[in-house]
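Notes for the one structure printed next.
The values are calculated or read from the model by the stated rules, or taken from the named source; none is laboratory data. Keep in mind it's a predicted model, so treat the numbers as computed, not measured. Every residue, glycine as well, gets a Cβ built from its backbone with ideal geometry; the counts of neighbours run over all protein chains shown. Accessible surface areas use protein heavy atoms only, side chains included; no ligands, DNA or RNA. Shrake-Rupley method; radii C 1.70, N 1.55, O 1.52, S 1.80 Å.
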Amino acid sequence: MERKNVLSCIQPTGDIHLGNYLGAVKNWVDLQEKYDCTYGVVDYHAMTMPYKAEDLRKNTWKMVFQLLACGIKPENLFIQSLVPEHAELCWVLGNVCSFGELTRMTQFKDKSEQVKDTDKDAFISSGLFYYPVLQAADILIYHADYVPVGKDQIQHLELSRNIAQRFNHQFGKEYFTHPEPLLTKSAKIMSLANPLKKMSKSLGEKHYVNIFGEEARIRKQVKSAVTDTGDNPEGEMSAGVSNLFGLLIATNRQEAHDSLMEQYNAGSLRYSDLKGEVAEGLVALCSPIKERYDEVYADRKNIKRVIKQSSAEIRKRAAQTLAEVKEIAGIMNPR
Ligand code: TYM
């Protein structure tokens, strides 16, 4: 039987944080056994928010090294700007995506507000508005059946499916597949400093756990995690405590989880014990990844060459799709 295609991508906007890892990247690693997987570092997407050119190139390579340290196979990994067909397909797909659909994207609303928060006259790029069409191109260009992501990407995936459907309908051909999301049990990890918000780099340093960060910092962040936000009606577990229990499951500490949950139900749980177990779980999770990062980094010259090569190989598949799309849509192919 033919193996299914998996595709997912991450923006090179800094270090991989715990939300990225538990919501997506860990799953990407595991799926490599069972499916044909393609993973991208999407630097074109990272251009949609204010950035410095020299930082972007550096962060793109850093993200490559970090993904390899997490266990992504080099042959499955590409850098988006080395596969320019994504941008060309994006243009084609923009014509089967309505303006109204893009105005409904919550990520655009969130991110444009975030830019305005820093400066009310700040520049909001049309790239930020168009972002989800490029994401649809990333997915559809490899005929992805499954897209492993965190919960925050569900709306973008629905849009990708609508775009595929509309293209197929408009040109009278069942050409694009209809990609389905794959979620993990930790599809939405919350900030430790404000458990009512999703863990994210854009909230600021104290809100995300950098899995490549110092052990002492991880322990300190867990120690100062907010447990009771006063958001919980009588008898209901608060968002902060629930997030910490979720982290115990995500770091394979089921036994500790069950015994602490018993104490919680009996009203005898000390939050310091819960935090202690979570910190142990996170340190055990992050240490080997950090060690592998050092090995990868030491070999970075060679790795850059390998990733340029794998991007060139992956590009052949993207070019094939784009040529077929142009044929179907009535535009010219250079060959
Ligand atoms: P990005 O770079 O923000 O995040 C990468 C992945 O991490 C997941 N994630 C989380 N999961 C659980 N809890 C959290 N707190 C958390 N924060 C982030 C995200 O859901 C994502 O899966 N638009 C995408 C990048 C992208 C893409 C694509 C993804 C571009 N093209 C094609 C899939 C397919 C993004 O900004 O992810």
Point to revise | Counted charge near residue 255, where neighbours are those whose Cβ lies closer than 15 Å (Asp, Glu -1; Lys, Arg +1) | key: -4
Study note, to complete from the structure: Taking Cα atoms, the helix 126-140 axis meets the longest principal axis of the chain at an angle in degrees (rounded to 10) of 80 degrees
Review point. To the nearest 10 Å², what's residue 151's accessible area with a 1.4 Å probe?
Key: 120 Å²
Check your understanding: For segment 304-319, what does the Karplus curve 6.51 cos²θ - 1.76 cosθ + 1.60, with θ = phi - 60°, yield as ³J(HN,Hα) per residue in whole Hz, taken in order and with x for Gly and Pro?
Key -> 4, 5, 4, 6, 5, 5, 5, 5, 5, 5, 5, 4, 4, 5, 5, 5
Review point. What residues qualify as long-range amide H neighbours of residue 182, i.e. H under 5 Å apart, gap of 5 or more or another chain, H built at 1.01 Å from N?
Key: 147, 149
Point to revise | Percentage relative contact order, segment 173-245, counting C-alpha pairs under 8 Å, at least six apart | key: 27 percent
Revision key, fill the gap. Computed over the chain, protein heavy atoms only, probe 1.4 angstrom, the accessible area per residue in square angstrom equals 51 Å²
Review point. Excluding ligands and nucleic acids, what accessible area in Å² is computed for residue 143 using a 1.4 Å probe, to the nearest 10?
Key: 50 Å²
Exercise for review: Pull up all non-local amide H partners of residue 37: gap of 5 or more, or a different chain, and H-to-H distance under 5 Å with H placed in the peptide plane.
Suggested key: 6
Exercise for review: Collect residues whose amide H, placed 1.01 Å from N in the peptide plane, falls under 5 Å from the amide H of residue 237; neighbours closer than 5 in sequence don't count.
Suggested key: none
Revision key, fill the gap. Both in Å, the radius of gyration and Dmax of the C-alpha trace of the chain are 21.1, 72
Exercise for review: Considering only protein heavy atoms, with the full assembly of protein chains and a 1.4 angstrom probe, order 123, 171, 212, 99 by accessible area, largest first.
Suggested key: 123, 99, 171, 212
Point to revise | Rg/Rh for segment 57-161, where both radii come from Cα atoms and Rh is the Kirkwood radius | key: 0.99
Exercise for review: For the pairs 220/275; 111/198; 62/304; 62/201; 4/34; 116/206, note any where the Cα-Cα span goes beyond 19 Å.
Suggested key: 116/206
Exercise for review: Return, for the Cα atoms of segment 201-294, the radius of gyration and Dmax in Å, separated by a comma.
Suggested key: 14.0, 48
Check your understanding: How big is the gap, in Å, between the Cα center of segment 96-127 and the Cα center of segment 15-58?
Key -> 21 Å
